[in-house]
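Following: one structure in structure tokens, then a few remarks.
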Amino acid sequence: QMQRDAGLGKKKKTWYLLGIVLLYSLAQHDFAGIVSIEAVDLWNRASLPKLNDESEQIGNPGSNQGVDPTAESSSVPVSATSKGDVFHTSLEQTESWLRSTEAWGNVTTMGYWRRNFLAGYRNQVMSFSALAMWAGHFGHEQLLLETLRHKDLYGSGLMMPFSFLFDVEHWNSFYPRVPRLVSCRDDRNQVEFPDFNCTSSRWMAKNMRSARRPHAYGEKSPKLFASYLRYLKRKGPLAKAKYRNPIDLAILEGALQPHPDIMQLIKAVVHQTFGEEPYFTLHPRIEPDMQRHKICEGKKVRKLTQIIAAMEKTFPVPPAKRLFIPINRAMLEKEAKKKQKKPLVTKNLNALNEMRQNGLWNGTVQVYEFGSSILNSTKFAKFPSTIGALLDFQIALDSAVFIGTPLSSWSADVIASRFYRGKRSENYKFLPSGVKRWTKANSKHAPIFDC
């Protein structure tokens with residue numbers, strides 16, 4: 001009897017320890033994402049530092065890092081207002097939000113059953129684009145905001161609401177070309193959606209098939225991304241339009257715009273770094289994760305020095321005196337520090353540091369990096385990867401010339417967005433054979449991502 005009691009005691013202790021481990025795991029993962037939503041709401045309510053005209057210039061070409069990511073404060077000024085959520089700095093802004101996101105009872109609404117968009121920034125945008133197109137395909141004219149969350153996959157791993165990243169009111173101004181984004185935080189809207197708990201942001205329906213208010217769409221984020229790629233290849237029900245789905249075309253033309261605070265941050269970054277001078281962008285995409293991908297191997301250029309040599313050959317006279325390079329430096333540096341030495345990673349990192357220090361075209365062109373480091377001391381610092389990539393993307397859109405790789409969805413989306421916003425001629429791609437034009441002024445359609 002004593003031995004049996006001792007055995008039961010050990011079992012209880014084991015289950016107790018397993019329970020603690022399980023709760024800790026949940027707190028680190030799913031619960032962390034849930035809590036972060038509320039934290040983001042609080043940050044959205046808070047005002048940010050006002051503009052400072054005497055701030056230091058960021059992205060100094062004499063530094064390998066640009067802005068010091070370990071600094072306690074950042075010289076980058078940020079807007080003092082927040083318009084992308086229910087909470088604003090004025091009654092007028094709050095009323096504008098409520099009007100824009102109020103659910104209409106005479107049209108149907110769709111929500112995302114999975115709630116989370118994963119992967120890198122542009123892959124998340126492609127997944128969202130597919131979701132919006134599926135809503136249009138099924139005849140739903142509204143999407144429920146509280147079911148849309150984005151993950152800072154390569155940074156903090158936390159989730160953030162759609163409205164923290166993007167300008168919802170601007171998106172809704174494109175209706176009826178795109179489905180309206182509606183919120184159920186206002187008590188008036190909660191009664192419209194009995195199948196979704198707007199307070200806890202949880203589905204109340206037993207399964208997605210039974211959800212009607214709102215209707216539910218349930219494919220996981222990777223499958224949404226796959227359906228977008230399938231659509232680009234002119235396959236599946238989303239590809240009924242002659243070339244681009246009208247919703248996707250509206251997105252590329254500018255319906256999906258960054259949150260106003262992010263837009264003001266971008267303008268401050270560009271103004272303080274480049275002033276009124278033009279700049280051009282090179283997206284080399286030579287980070288280790290891309291090197292490992294077995295896609296479009298025949299189009300891949302692995303060495304940064306080879307890309308630079310081809311670019312300088314194509315442009316004997318540089319397109320501008322300032323070059324912006326969106327690149328994940330942190331990933332390169334982390335890989336270079338590993339015990340298992342990878343010579344290619346080290347060579348690419350050394351080449352990047354060399355051009356940052358000494359410039360290109362015999363020192364006549366200064367090289368800049370931005371990314372997550374300029375988010376320090378802003379409310380966006382908790383999500384460095386996704387928002388850093390969004391910031392880089394927007395800066396690349398406005399450059400005088402863009403040079404990218406057809407292997408990257410990020411590059412392909414920059415090209416398509418530039419093309420449909422009027423920048424049709426100064427777009428290039430680098431291949432093993434050199435730098436070639438990617439689009440022409442008289443082209444009817446932007447190229448599609450097919451890798």
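The values are calculated or read from the model by the stated rules, or taken from the named source; none is laboratory data. From a predicted model like this one, the values you see are computed outputs, not experimental measurements. Positions of Cβ are generated from backbone atoms using ideal geometry, with glycine treated the same way; all protein chains shown enter the neighbour counts. In case anyone asks, the SASA skips ligands and DNA or RNA and just uses the protein heavy atoms, side chains included. Shrake-Rupley method; radii C 1.70, N 1.55, O 1.52, S 1.80 Å.
Annotations
- Here the accessible area of the range 260-417 is 53 percent carbon and sulfur, with a 1.4 angstrom probe and all protein chains present.
- Overall, the accessible surface of the range 112-159 at a probe of 1.4 angstrom is composed of carbon and sulfur to the extent of 48 percent.
- Couplings for the range 197-208, taken from phi via the Karplus curve 6.51 cos²θ - 1.76 cosθ + 1.60 with θ = phi - 60°, read 7, 6, 6, 9, 6, 10, 6, 9, 5, 5, 8, 5 Hz in order; Gly and Pro are left as x.
- Shape category assigned to the range 260-395 from the gyration tensor of Cα positions, a/c cut at 1.5: oblate
- Dipole magnitude for the range 279-410: computed about the Cα centre from +1 point charges on Lys and Arg Cβ and -1 point charges on Asp and Glu Cβ, it is near 580 debye.
- Multiplying the residue separation of K223 and R202 by 0.36 nm and subtracting their alpha-carbon distance yields 5.4 nm.
- Global form of the range 356-451, assessed from the alpha-carbon gyration tensor, a/c cut-off 1.5: oblate
- Accessible area in square angstrom per residue, the range 249-404, 1.4 angstrom probe: 41
- Table column - 3J(HN,Hα) (Hz), the range 419-436, Karplus curve with 6.51, -1.76, 1.60, x for Gly and Pro: 4, 7, 10, x, 9, 9, 9, 9, 10, 9, 10, 9, 10, x, 8, x, 8, 10
- Centre separation in Å (Cα based) which lies between the range 345-393 and the range 412-431: 21
- Full-stretch length increase - E277, H445 - with 0.36 nm per residue and alpha-carbon distance subtracted: 57.5 nm
- Subtracting the Cα-Cα distance of N358 and Y243 from 0.36 nm times their residue separation leaves 37.0 nm of extension gain.
- Charges were assigned to the Cβ only: +1 to each Lys and Arg, -1 to each Asp and Glu. The resulting dipole of the range 172-254 about its Cα centre is roughly 540 debye.
- Remark: for residue pairs K313/K436; K223/K429; K267/K423; K321/K347; K220/K429; K267/K321, the C-alpha separation exceeds 21 Å in K223/K429; K321/K347; K220/K429.
- Inter-part distance where the range 291-308 and the range 137-186 are each reduced to a Cα centre, Å: 34
- Computed from backbone phi with θ = phi - 60° and the Karplus coefficients 6.51, -1.76 and 1.60, the 3J(HN,Hα) list for the range 438-451 is 9, 9, 10, 4, 9, 5, 7, 9, 6, x, 9, 7, 10, 9 Hz; x is used for glycine and proline.
- Rounded if a/c under 1.5, otherwise prolate or oblate - the range 84-167, Cα gyration tensor axes: oblate
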